[in-house]
1. GLY112: in contact (Cβ under 8 Å) with a residue 60 or more places away in the chain and away from the ligand (no atom under 13 Å from the Cβ), yes or no?
2. Consider only pairs whose beta carbons are under 8 Å apart and that are at least six residues apart or on different chains; among these, list those whose first residue lies in segment 139-153 and is part of a loop (DSSP other than H, G, I, E, B) and whose second residue is open to solvent by 90 Å² or more (accessible area, probe 1.4 Å) and not hydrophobic (A, V, I, L, M, F, W, C).
3. Name the residues in segment 1-21 that are free of Cβ contacts under 8 Å to residues at least 60 places away in the same chain and either among the β-branched types (Val, Ile, Thr) or open to solvent by less than 60 Å² (accessible area, probe 1.4 Å) (or both), would you?
4. Which condition from (1) modelled with pLDDT of 95 or more; (2) over 17 Å from the mean Cα position of the chain (by Cα) is the one that TYR124 breaks?
Amino acid sequence: FNIYTYNERYYYRSHYESEGKWFSDEAYAVLGKAYLEEKYISQGKTSLSADDAKRVAMSYSAYPGTGDHQTGLSFDLYLSGWSGGKFAETDEYKWLCENAHKFGFIFRYPKGKENITGYSFEPYHLRFVGQYHAAIIYESGLSLEEYIAKYIN
Ligand code: ZN
């Protein structure tokens, strides 16, 4: 997590020469273009504050101690050459979309639920919730957060 935060904070140093970008795409997505313009770019500041860098890193990396993986119920799938977001382009992902719930798994960070889960879309990250819950989550299209709020609380 510290490495991700560092990389966000000093993105300019490692990317400006090759890409001419001051901040990562994630920084623009999380902090917003207007905020970056006002707080950094207009003042010639090329490094994010520690707090801003942490906010950006938290959109794709769990703060230590809070990770879904630490429950022991989650895992990431990788296919050679199709890791990360590219996994969504595979036949295996399509199969999982139709079948994972039958085995008790859900996509923990689905597309379109970023503002609810607090994480970017992660097509490769699955979580075991059991067949009963997975079936309802699959049918409803809810995120785990929405499901818990609606059915568990
Ligand atoms: Zn994961």
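The values are calculated or read from the model by the stated rules, or taken from the named source; none is laboratory data. Remember, predicted model here, so these are calculated numbers, not experimental data. As a convention, Cβ positions derive from the backbone with ideal geometry for all residues, glycine included, and neighbour counts pool all protein chains shown. In case anyone asks, the SASA skips ligands and DNA or RNA and just uses the protein heavy atoms, side chains included. Shrake-Rupley method; radii C 1.70, N 1.55, O 1.52, S 1.80 Å.
1. Working: in contact (Cβ under 8 Å) with a residue 60 or more places away in the chain: no; away from the ligand (no atom under 13 Å from the Cβ): yes.
No; evaluated as a whole, the condition is false for this residue.
2. LEU142/LYS150
3. Filtering segment 1-21 for residues free of Cβ contacts under 8 Å to residues at least 60 places away in the same chain gives 2-21.
Result: ILE3, THR5, GLU8, TYR10, TYR11, HIS15, GLY20, LYS21.
4. Single failed check for TYR124: (2).
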